[in-house]
Amino acid sequence: EVKLLESGGGLVQPGGSMRLSCAASGFTFTDFYMYWIRQPAGKAPEWLGLIRNKANGYTTEYNLSVKGRFTISRDNTQNMLYLQMNTLRAEDTATYYCARWVGGFDSWGQGVMVTVSS
Amino acid sequence: EIVLTQSPTTTAASPGEKVTITCLANSSVTNMFWYQQKSGASPKLLIYSTSSLASGVPDRFSGSGSGTSYSLTINTMEAEDAATYYCQQWSSNPYTFGAGTKLELK
């Protein structure tokens, strides 16, 4: 069974940093592109970025809305996905999900809440 | 950026009723994906590549469309289908979602 479990959320001050983690299990992690998506309360999901699989060199791609502030990485020895978020703003407040793409975001984590507030 | 406009924003249906949700793109897209999200839960993939049912999705759900116009149809509404539905495009970065259609049980 595919499982994705995010951790690391919480309250952070504007201008601060936070790193989210996503533990993956139940599939061959290195075979898949992995993604981060966020969803502010009551709003639509927003794709943040992706990190490609082993065959595609683990390269990254970002939504321009977060490029330069957010960085996606992965530890393939631990089956972990990360999202490093810097210079956080109030508008970054949302539930953050990691997800896997197999012809659609077929698996999502349960999400972790990030609140940016003083 | 490709903007996806869903309609209606909210709707309600009685059990057994047919429901259609539309998604219009401001530029042509190759395929459309549809997700269902119930309150407090993560989104769930319903339809991929415009018209293919994701694993475990009841066959009362169907998708169709091409170019800039796509739709999701629930052939016979059931109580468990009350949720918010999102379309999503995979044709160009950023891979955008529609604003959602909230479907309520009448």
Hey, could you check segment A:1-55 for residues that are more than 10 Å from the chain's Cα centre (by Cα) and among the charged types (D, E, K, R) and say which is surrounded by the most Cβ atoms within 10 Å (Cβ to Cβ)?
A:E46
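Residues that are under 17 Å from B:P43 (Cβ atoms), of a type in the set (A, V, I, L, M, F, W, C) and within 14 Å of chain B (Cβ to nearest Cβ): list the strands (runs of 3 or more DSSP E) wholly contained in chain A that include at least 1 such residues.
Working: elements: A:3-7, A:10-12, A:18-25, A:34-39, A:46-51, A:60-62, A:70-75, A:80-85, A:94-101, A:105-108, A:112-116.
Result: A:3-7, A:18-25, A:34-39, A:46-51, A:94-101, A:105-108, A:112-116.
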Those residues of segment B:67-87 which are within 14 Å of chain A (Cβ to nearest Cβ) and either polar (S, T, N, Q) or free of Cβ contacts under 8 Å to residues at least 12 places away in the same chain (or both) amount to B:T84
If you check A:Y58 against the conditions, is it open to solvent by 50 Å² or more (accessible area, probe 1.4 Å), in contact (Cβ under 8 Å) with a residue 12 or more places away in the chain and in contact with a strand residue (DSSP E or B) (Cβ under 9 Å, 6 or more places away or on another chain)?
yes
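Please enumerate the residues belonging to segment A:61-93 that are more than 18 Å from A:T30 (Cβ to Cβ) and open to solvent by less than 20 Å² (accessible area, probe 1.4 Å).
A:N63, A:V66, A:F70, A:L83, A:M85, A:L88, A:D92 - these are the residues of segment A:61-93 that are more than 18 Å from A:T30 (Cβ to Cβ) and open to solvent by less than 20 Å² (accessible area, probe 1.4 Å).
Residue check: is A:E61 among the acidic types (D, E) and closer than 21 Å to B:Q37 by Cβ?
Details: among the acidic types (D, E): yes; closer than 21 Å to B:Q37 by Cβ: no.
For A:E61, the condition - among the acidic types (D, E) and closer than 21 Å to B:Q37 by Cβ - is not met.
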Examine segment B:20-27 for a residue that is open to solvent by 70 Å² or more (accessible area, probe 1.4 Å) and of a type in the set (A, V, I, L, M), and state whether such a residue exists.
yes
Test: residue in segment B:35-49 that is open to solvent by 50 Å² or more (accessible area, probe 1.4 Å), at pLDDT 95 or above, away from chain A (no Cβ under 11 Å) and over 22 Å from A:L4 (Cα atoms)
no
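Does B:A13 meet the test of being in contact (Cβ under 8 Å) with a residue 60 or more places away in the chain and either among the acidic types (D, E) or open to solvent by less than 40 Å² (accessible area, probe 1.4 Å) (or both)? Give the steps one after another, and end with the answer.
Values: in contact (Cβ under 8 Å) with a residue 60 or more places away in the chain: yes; either among the acidic types (D, E) or open to solvent by less than 40 Å² (accessible area, probe 1.4 Å) (or both): yes.
In short, yes.
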Filtering segment A:94-115 down to residues that are farther than 26 Å from B:S49 by Cα and surrounded by fewer than 18 Cβ atoms within 10 Å (Cβ to Cβ) yields A:M113, A:T115
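The values are calculated or read from the model by the stated rules, or taken from the named source; none is laboratory data. Keep in mind the model is a prediction, meaning the values are calculated, not measured. Glycine gets a Cβ as well: all are built from the backbone with ideal geometry, and neighbour counts include every protein chain shown. With ligands, DNA and RNA removed, areas are computed over all heavy atoms of the protein, side chains included. Shrake-Rupley method; radii C 1.70, N 1.55, O 1.52, S 1.80 Å.
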